[in-house]
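First comes the structure, then the notes that go with it.
The values are calculated or read from the model by the stated rules, or taken from the named source; none is laboratory data. Keep in mind it's a predicted model, so treat the numbers as computed, not measured. So basically every Cβ, Gly included, is an ideal-geometry build from the backbone, and we count neighbours across all protein chains shown.
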Amino acid sequence: MIGTLLVANRGEIACRVFRTCRELGIATVAVYSDADAGALHVREADAAVRLPGAAPSETYLRGDAVVRAALAAGADAVHPGYGFLSENADFARAVEAAGLVWIGPPPAAIEAMASKTRAKELLGIAPLAPADVTEADLPVLVKAAAGGGGRGMRVVRELALLEGELKAASAEAASAFGDGEVFVEPYVENGRHVEVQILADGQGTVWALGTRDCSLQRRHQKVIEECPAPGLEPGLVDSLYATSVAAAKAVGYVGAGTVEFLIADGRALFLEMNTRLQVEHPVTEEVFGVDLVGLQIAVAEGRALPSEPPAAYGHAIEARLYAEDPASGWTPQAGVLHALEFPGAVGVGTTGRVDAGYASGDSIGVHYDAMLAKVIVHAPTRPEALRKLAHTLDTARVHGPVTNRSLLVRSLRHPGFHDPALLDTGFYERNLDALTKAPAAPGEAYAAVAAALADAAGRRGRFGGWRNLASQDQVKTYGDHEARYRPTRDGGYTVTAPVGVTVVSVAPDRVRLEVDGVVRDFPVDRYGDGGIVHVGPHRLTAQPRFPDPAEQRAPGSLLAPMPGTVVRVADGLAVGDPVAAGQPLLWLEAMKMEHRVVAPASGTLTALHAAPGRQVEVGALLAVVQTDAQEDQ
C-alpha cells in the first residue's frame, strides 16, 4: 500500500491529486521551482522539495531531480499529473528503477502511444513527410509528437510558411515537453473533437467511461469540455468505445488514458492516445460518480476493477478559467490575483466544483500555463448544466489581471453552443469577434456609476467632498462608460448620466442604485492605485483625466502584449529594412507558449529594441515601424 506520494507537477493538477490523497490517508510531497516557491500546490502538500537548476520553464522536466526528491522525502510513489514528464517513458522507467510505484501505464505502453507518430504507425496511419507536402495538401497541421495542450501546434495554409512553422512548433514543443519532434498531418476544418476516457487494471479489464466533447478550443487548446458528447449517434459511440478499448488492450495498457478522435462527416478519425490523466477528467468523474485519481492509485497498487463500469447519470460541463485577454490574441496576463472566489460553487452535487491552482492573493507569473482554475457543474440535463455553469462564472469574484471569464459566460449562453449540430472546432473562429466585442450589457454602465460613487464616497470621507463649483457635474470615465454625478447637501449624490438612475445608498465598498424601479446592490473592490475597479462581475479601467505625456508612444510602436522573454528575432531583420503588414518580426515566449509580434502595417523598421534572451514587461517597447502613410506626411 502506498503511504506517501509525490506529484511530479505543479498548479491545479498537483492540488487535485493531493485532495484525493488526503481522502485516502496518503501523505503528499510537492516539488517546486524557484518561481513556484510560494505556490498553492506547495502550501497544500505535507512536504515540499525544491528542484534545482535550470530556468523555471525547464525545472519540472528534470526527471533525475524529481526522482531524487521522491527518495529524499521518503515517498513510495510518483504521480506525473499531465504535461511535463507525464508521457515520458524514460522518466517512468527511472521512477520504477528507483523502487517507486509509478502511477501510470507501463513505460512500453507510453512509448507505443505517447508519441503521436508512433501511435499512428501502430494503427497503420502514416503522417505526411514535410518535404512531400504540396499545395494540394494544404491546409496542414504541424503537431508536436509528444505532449498536448496546443503547444507545438500550427495550422499552415501557405506552403512558403511551412518551414518557419516547423521550427517554431519544434522550439515550443522542446520547451514544454523536452522533446522537439514534430510531424505534419492533414488539417480538417471544423470537425468535432471527441474523446473516450479509458481505465484499465493489470488483470485485463478495460473500461470505456463515456465520451467527452472538447470542440471549443483556442489555439488548439481546449476551453470548454463536457460529458457526454452531445448529439452523437449510438452506433458511432459504440464504435468509438470499441476502438478505444482495442487500442488499450493492444499495448497492455494499465491506468487512466484518453483516446481522441476528430468527428467529421459522420466519420471518426483517430488523432492520438494520451497516456495520462486529462485536464478535463472531472466531467467524467461527475457523470460516472468516480474518482479517477483514486482509481489510478488503486490499479497501481494492483487492485482489480469491477468487470463493468458504473452507470452514467446526467451531464457535466467544465470551463477553464484563464488569465488571458481573448480580445487581444489570447495574450496571457500576469500580476496579483486579488480574489478568486466562487460563492455559487459550494460542492459536488449542488452548484458546482472548482479545481484551482491559485488562491486569492497569489501572483500569476509568466513561466507557466495561465489557467487559474477549472469550474465544473453537473446537472440532470445539458441545458441545466449550461445554465448553472454560466451563472457560477458570472457571480464569481475574479479580481486582478484580465481573464476569459466574460468570454466563457457568453460562450455558454450562445445559441451556437446550445445546438449540438453547430458544435465544432471552428466555433471561436466564427464567433470570437461577436463574443468579445459585443455591446456591453446595460449593467456595465451602472457598474461604472457605482465605481464612480464609491470612489467619491472614499474621497469624501478623507477630504470632506468640498467643491467650489457645486453646480458642475463631476465626471468619471471607465472604459467606454462616462458617469456624471453631483454631491447633494444632505451627503448624498444625484446621478445625471446615465439617466434614470436614483442613488439609494453609497459606501466605499458597496453602492445601491435604483434603475427603472429595480433596486440592485453593486459590491465595489479597488486594489492599490492602478485604476482597476471590480464591480460585481465587471472589471473596469478608470481613464485618467489628464494622460501622462511620458506614457504616450510614437505611432507604429510595437509594445510587448505580455511579460515574457524574446526567444528570437526574424532572420536578418535590421533597422532600416522594409516590412510588410502582418510580417512576423519577433517571437515572445510566455507561459510556455510562443507569441508572434507582427508588423501592424507596411513600412520601414525604424527601431528594434528586442534581442533574444531579453526579459520584457508588458508594455515594453520592442520595435517601431514607420508606416508608408506616416512617411508621406
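Among the listed residues Ser307, Ser328, identify the single one that is surrounded by fewer than 19 Cβ atoms within 10 Å (Cβ to Cβ) and within 30 Å of Glu58 (Cβ to Cβ). Show your work before the answer.
Details: Ser307 fails: within 30 Å of Glu58 (Cβ to Cβ).
Exactly one residue qualifies, and that residue is Ser328.
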task: Output yes when any residue across segment 36-45 is buried (at least 19 other Cβ atoms within 10 Å of the Cβ) and over 25 Å from Gln278 (Cβ atoms), and no when none is.
output: no
query: In segment 575-587, what residues are at pLDDT below 90 and surrounded by fewer than 12 Cβ atoms within 10 Å (Cβ to Cβ)?
result: Gly582
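Restricting the search to segment 159-204, which residues are charged (D, E, K, R) and in a helix (DSSP H, G or I)? Please lay out each step first, then the result.
So in segment 159-204, the residues charged (D, E, K, R) come out as 163, 165, 167, 172, 179, 181, 185, 189, 192, 195, 201.
Selection gives Glu163, Glu165, Lys167, Glu172.
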message: Being within 24 Å of Asn88 (Cβ to Cβ), buried (at least 17 other Cβ atoms within 10 Å of the Cβ), modelled with pLDDT of 90 or more and not β-branched (Val, Ile, Thr) is true for just one of Leu236, Leu199, Leu240. Which residue is that?
response: Leu199
task: Look through segment 41-92, keep the residues that are at pLDDT 95 or above and among the acidic types (Asp, Glu), and return whichever of them is nearest to Leu372 (Cα to Cα).
output: Glu44
message: Just to be sure I understand the filter: pairs with C-beta atoms under 7 Å, separated by 6 or more residues or on different chains, first member in segment 137-155 and under 15 Å from Ala168 (Cβ atoms), second member in a strand (DSSP E or B) and modelled with pLDDT under 75. Which pairs pass?
response: Val140/Leu128; Arg151/Met593
field: Selected residue (criterion: surrounded by the fewest Cβ atoms within 10 Å (Cβ to Cβ)) from residues of segment 156-175 that are in contact (Cβ under 8 Å) with a residue 60 or more places away in the chain and among the aliphatic types (A, V, I, L, M)
entry: Ala171
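Output yes when any residue across segment 147-164 is aliphatic (A, V, I, L, M), at pLDDT below 85 and under 29 Å from the mean Cα position of the chain (by Cα), and no when none is.
Taking segment 147-164 first, the residues aliphatic (A, V, I, L, M) are 153, 155-156, 159-162.
Checking which are at pLDDT below 85 leaves us with 153.
Subset that is under 29 Å from the mean Cα position of the chain (by Cα): 153.
Scanning segment 147-164, I find at least one residue that is aliphatic (A, V, I, L, M), at pLDDT below 85 and under 29 Å from the mean Cα position of the chain (by Cα), so the answer is yes.
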query: Quick check: is even one residue across segment 400-409 in contact with a Gly (Cβ under 6 Å, 6 or more places away or on another chain) and assigned to a helix (DSSP H, G or I)?
result: no
Enumerated helices (runs of 4 or more DSSP H) restricted to segment 17-120, each holding at least 3 residues that are at negative phi and more than 22 Å from the chain's Cα centre (by Cα): 63-72, 89-97, 107-113
message: Looking at segment 118-139, can you tell me whether even one residue there is crowded, with 20+ Cβ neighbours inside 10 Å, modelled with pLDDT under 80 and not charged (D, E, K, R)?
response: yes
- request: Considering every residue within segment 216-232, establish whether at least one is surrounded by fewer than 19 Cβ atoms within 10 Å (Cβ to Cβ), closer than 30 Å to Leu588 by Cβ and free of Cβ contacts under 8 Å to residues at least 40 places away in the same chain.
  value: no
message: Against the definition (within 23 Å of Gln583 (Cβ to Cβ), touching a Lys or Arg at 6+ places or on another chain (Cβ under 6 Å) and at pLDDT 80 or above), how does Val142 come out, yes or no?
response: yes
- prompt: crowded, with 21+ Cβ neighbours inside 10 Å, under 23 Å from the mean Cα position of the chain (by Cα), more than 26 Å from Gly335 (Cα to Cα) and in the same structural domain as Arg218 (by TED's automatic domain parsing) - does that describe any residue in segment 429-447?
  reply: no
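Look at Ala246 and say whether it is more than 18 Å from Glu318 (Cβ to Cβ) and either outside any strand (DSSP E or B) or not assigned by TED's automatic domain parsing to the domain that holds Val142 (or both). Show your work before the answer.
Details: more than 18 Å from Glu318 (Cβ to Cβ): yes; either outside any strand (DSSP E or B) or not assigned by TED's automatic domain parsing to the domain that holds Val142 (or both): yes.
So Ala246 fits the description; yes.
Regarding segment 302-312, can at least one residue be identified that is in a loop (DSSP other than H, G, I, E, B), under 30 Å from Ala208 (Cα atoms) and of a type in the set (Lys, Arg)? Please lay out each step first, then the result.
Restricting attention to segment 302-312, the residues satisfying the condition of being in a loop (DSSP other than H, G, I, E, B) are 302-312.
With under 30 Å from Ala208 (Cα atoms) added as a condition, the list becomes 302-312.
Subset that is of a type in the set (Lys, Arg): 303.
The answer is yes, given that some residue of segment 302-312 is in a loop (DSSP other than H, G, I, E, B), under 30 Å from Ala208 (Cα atoms) and of a type in the set (Lys, Arg).
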- prompt: Do we find a residue being under 16 Å from Glu87 (Cβ atoms), crowded, with 23+ Cβ neighbours inside 10 Å and either touching a Phe, Trp or Tyr at 6+ places or on another chain (Cβ under 8 Å) or among the aliphatic types (A, V, I, L, M) (or both) anywhere in segment 280-287?
  reply: no
message: Being modelled with pLDDT of 95 or more and within 17 Å of the chain's Cα centre (by Cα) narrows it down to one residue among Arg413, Arg405; which is it?
response: Arg405
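How about segment 502-527: which of its residues are aliphatic (A, V, I, L, M), buried (at least 16 other Cβ atoms within 10 Å of the Cβ) and at pLDDT 95 or above? Even if it seems obvious, please write down each step before you answer.
Start the filter on segment 502-527 by keeping residues that are aliphatic (A, V, I, L, M), which leaves 503-504, 506-507, 511, 513, 515, 518-519, 524.
Those left that are additionally buried (at least 16 other Cβ atoms within 10 Å of the Cβ): 503, 506, 511, 513, 515, 524.
Within segment 502-527, Val503, Val506, Val511, Leu513, Val524 meet the criteria.
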